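Visitor: Provided herewith is a single structure, encoded as structure tokens, for subsequent inquiry.
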Amino acid sequence: MQIDLKGLQKGPRRYRGEEDPVLLDVGDRGISAQGPLRYDLTAELAGHELVVRGTVRVEMEFCCVRCAEPFTREIRDDAVLLTHRVEDLPGGRDASGGAAGAALVDLTEDIRESMILLFPSHPVCGEACRGLCPQCGRNLNRGRCACRPPADARWKSLDKLKLDA
Ligand SMILES: [Zn+2]
Ligand SMILES: [Zn+2]
């Protein structure tokens, strides 16, 4: 998304809309956007600083690390705060007749980075997720399996360690 600095010289401006969520594709682990990136931001100039605040949200699909099932969650940042140093304010006092362009600041990459930081590093479909049986691979959210945990062997070797020590 692009902010037009020219429009900001009269005062803050609100930007609301949607952005193609393709920009959030991180290309791995079954993470994909399920809808547009929605933003509601207010931009203002504070001296040579462009300050942008507001809300950005997007529906994302993740793959549960416990049960390996995809699930959808809204990733939302209600306290977006982006700042951007602006060296050349358009129409400054020494308007030397140069190029009137370069008044656009593209915030796409800033937004992308701040959203990706909010992605869970270990996405879990729900706190109650039981995950997969380590032996037969059954999704235990859908029902039990007949496996018994091989706990005995593990504890026995631990006991042995203690005895040897
Ligand atoms: Zn799960
Ligand atoms: Zn099992």
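Visitor: If you go through the range 91-113, how many residues are in a loop (DSSP other than H, G, I, E, B) and at pLDDT 65 or above?
Guide: Qualifying residue count, the range 91-113: 2.
Visitor: Sticking with this structure for a sec: Which of the residues that make up the range 12-45 are farther than 26 Å from CYS64 by Cα and touching an Asp or Glu at 6+ places or on another chain (Cβ under 7 Å)?
Guide: Matches in the range 12-45: PRO12, ARG16, TYR39.
Visitor: Any chance the range 119-133 includes a residue that's near ligand 2 (Cβ under 10 Å from one of its atoms), closer than 21 Å to CYS63 by Cβ, modelled with pLDDT of 90 or more and in a loop (DSSP other than H, G, I, E, B)? Spell out the reasoning first.
Guide: Keep residues of the range 119-133 that are near ligand 2 (Cβ under 10 Å from one of its atoms), which gives 132-133.
Still in the list and also closer than 21 Å to CYS63 by Cβ: 132-133.
From what is left, the residues that are modelled with pLDDT of 90 or more are 132-133.
From the residues that got through so far, the ones that are in a loop (DSSP other than H, G, I, E, B) too are 133.
Taking every residue of the range 119-133 in turn, at least one turns out to be near ligand 2 (Cβ under 10 Å from one of its atoms), closer than 21 Å to CYS63 by Cβ, modelled with pLDDT of 90 or more and in a loop (DSSP other than H, G, I, E, B).
Visitor: Hey, could you check the range 114-142 for residues that are of a type in the set (A, V, I, L, M) and within 16 Å of ligand 1 (Cβ to nearest atom) and say which is farthest from the chain's Cα centre (by Cα)?
Guide: Within the range 114-142, the first condition is being of a type in the set (A, V, I, L, M), and the residues that meet it are 115-118, 124, 128, 132, 140.
Okay, now just the ones that are also within 16 Å of ligand 1 (Cβ to nearest atom), so 124, 128, 132, 140.
Details: VAL124: 15, ALA128: 23, LEU132: 26, LEU140: 29 Å.
Selected residue: LEU140.
Visitor: Now a separate question. Pairs only if they're at least six apart or on different chains, beta carbon under 6 angstrom, first in the range 55-77 and farther than 22 Å from CYS136 by Cβ, second assigned to a strand (DSSP E or B) and of a type in the set (S, T, N, Q); list them, first residue then second.
Guide: Correct list of pairs: GLU59/THR72; GLU61/SER32; GLU61/THR72.
The values are calculated or read from the model by the stated rules, or taken from the named source; none is laboratory data. Just so it is clear, the structure is predicted and the values come from calculations on it, not from any experiment. Cβ coordinates were reconstructed from backbone atoms using ideal geometry, including for glycine residues, and neighbour counts include every protein chain displayed.
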